[in-house]
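Have a look at the structure below, then the notes.
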Amino acid sequence: MATKAKQMDITELLHNDHQAVRELFFAFSNSEDEGEKERLVKQILTELFIHAKVEEELVYPLLDDAGEDGEEIKGEAENEHRVVKFLMAEISQLDADSDELKSKITVLCELIEHHVKEEEKEMFEMLRESGNDLESIAEEVTKMKAQLKKEGLPAMKATLEIGSEPKPRRKTA
């Protein structure tokens with residue numbers, strides 16, 4: 001009798017995304033070929049763009065039900081995404097042979113590592129304790145990722161707009 005394979009839940013899927021991006025950063029840091037570096041940068045930016053979009057639209061809203069702690073983690077994660085997107089937009093304008101590219105990719109990698117560490121430690125635990133069907137959320141994320149990959153990477157300036165609706169400015173007295 002055949003047994004049904006266990007479906008992946010959203011924390012496993014996101015962890016796999018994190019690992020894939022780590023491998024791309026590692027490959028970039030070891031590459032000497034400008035053509036390969038250019039390909040790796042595009043792949044890094046694409047993967048990060050898609051990952052951020054699915055998190056912001058399908059995963060982070062799940063934290064709304066986790067009370068004050070969930071709101072805090074969600075707010076910090078969204079702010080980290082904004083900083084990452086800004087850096088991604090800058091990186092997308094650089095040439096593969098640019099010294100600035102290597103330093104900005106290094107900073108991007110460090111930002112991502114910090115974000116991943118917090119996400120996997122704090123947010124994953126909240127998601128597991130949420131009572132949500134994490135396997136069906138993983139299915140939704142997988143479908144959305146496939147659609148985004150078909151659409152391709154938009155102009156990097158557009159990444160700055162994902163999840164960053166302008167907040168009303170407070171009047172100061």
### Query
Among the helices (runs of 4 or more DSSP H) contained in the stretch 29-141, which hold 1 or more residues that are closer than 15 Å to GLU12 by Cα?
34-54, 99-118, 124-129
### Message
Looking at the stretch 5-22, can you tell me whether even one residue there is closer than 22 Å to GLN147 by Cβ and among the basic types (Lys, Arg)?
### Response
no
### Query
If you check GLU55, GLU78, GLU90, GLU38, which single one turns out to be under 25 Å from ILE137 (Cα atoms) and surrounded by fewer than 18 Cβ atoms within 10 Å (Cβ to Cβ)?
GLU78
### Query
Out of (1) in contact (Cβ under 8 Å) with a residue 12 or more places away in the chain; (2) not in a loop (DSSP other than H, G, I, E, B), the odd one out for MET8 is which?
(2)
### Message
Restricting to the stretch 108-147, and then to whatever is of a type in the set (Val, Ile, Thr) and surrounded by 15 or more Cβ atoms within 10 Å (Cβ to Cβ), can you tell me which residue is farthest from VAL41 (Cα to Cα)?
### Response
ILE137
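Per-residue answers, yes or no, for (1) β-branched (Val, Ile, Thr); (2) over 13 Å from the mean Cα position of the chain (by Cα); (3) at pLDDT 95 or above; (4) closer than 19 Å to VAL21 by Cβ:
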residue	(1), (2), (3), (4)
ASP64	no, yes, no, no
ASP69	no, yes, no, no
LYS85	no, no, no, yes
GLU90	no, yes, no, yes
ASP97	no, yes, no, no
ILE105	yes, yes, yes, yes
MET123	no, yes, no, yes
## Note on the structure
The number of residues in the stretch 108-123 that are in contact (Cβ under 8 Å) with a residue 12 or more places away in the chain and over 25 Å from GLU90 (Cα atoms) is 3
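The values are calculated or read from the model by the stated rules, or taken from the named source; none is laboratory data. All values reported here derive from a predicted model rather than from experimental measurement. Neighbour counts run over all protein chains shown; Cβ positions are idealised from the backbone, glycine included.
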